[in-house]
Amino acid sequence: MNSFEKYDLIQCRIARFYEREHGASVVSIGFAPKWDIRFTDGATVEVKVDELAAKTLNAAIEFWDVRRNIGTGILATEAQLWLHCVPQGEGLRCYELKTKTLLRLCFETGSVRDGGDNGASRMKLIPLQELVAVSERDFILEV
C-alpha cells in the first residue's frame with residue numbers, strides 16, 4: 001500500500017468513527033480544498049497525519065506554499081475540526097482540536113520551518129505537549 005492509499009484508508013476510518021459517534025452520514029471524503037471530511041449535518045474535519053511528531057515531539061502545522069505563495073493547511077482549511085494524528089504503536093493517536101484553537105496556538109507559539117513537499121511547505125513546529133494541552137480530546141485509531 002502506498003502512502004496515498006494509506007492516507008485514504010485513514011480518512012475513511014476516521015469518517016466511520018465520527019459517523020458512529022454523531023449519527024451523521026458522510027457526504028465526502030478525500031482531498032478537497034476546504035476540508036477532508038464533510039458530514040450531512042454540516043460538520044467538517046481536516047485530517048493531518050504527522051509521521052515525525054512522535055520522534056521530534058513537535059507537531060508540524062503547514063500554513064504556506066512557498067512556491068505558489070499561497071496559504072495552505074491551517075490558513076486554507078474551512079473545517080471546523082482539525083484532527084492531528086501521530087503514530088503510536090500499530091495505530092494513530094488522534095488529537096481533536098477546534099480549528100480556531102489551533103490557529104490561535106500557531107500565532108502564539110512555536111517556530112517556523114520549511115520542509116515537506118521538497119521544501120515547498122512552510123510550517124509551524126509546535127511542541128506536541130502544547131497541542132495536546134489545547135485539544136478537545138484524543139483517541140486511538142487502529143490502522
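What follows is calculated from the coordinates using simple rules that are stated; it is not laboratory data. Given the structure is predicted, the values throughout are model-derived calculations rather than measurements. Backbone-built Cβ (ideal geometry, glycine too); neighbour counts: all protein chains shown.
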- request: Taking the Cα centre of the stretch 3-142 as origin, work out the dipole magnitude from +1 charges on Lys and Arg Cβ and -1 charges on Asp and Glu Cβ, in debye rounded to 20.
  value: 280
- prompt: Mind checking the angle between helix 99-108 and the chain's longest principal axis? C-alpha axes, 0 to 90 degrees, to the nearest 10.
  reply: 10
Which of Ser3, Ser28 has the fewest Cβ neighbours within 10 Å, and the rest in rising order: Ser3, Ser28
- prompt: If you count the DSSP beta bridges with both ends in the stretch 3-142, what percent of them are antiparallel, to the nearest 5?
  reply: 85
field: Karplus 3J(HN,Hα) series, Hz, for the stretch 8-17 with 6.51 cos²θ - 1.76 cosθ + 1.60 (x for Gly, Pro)
entry: 4, 4, 4, 4, 5, 5, 5, 4, 5, 4
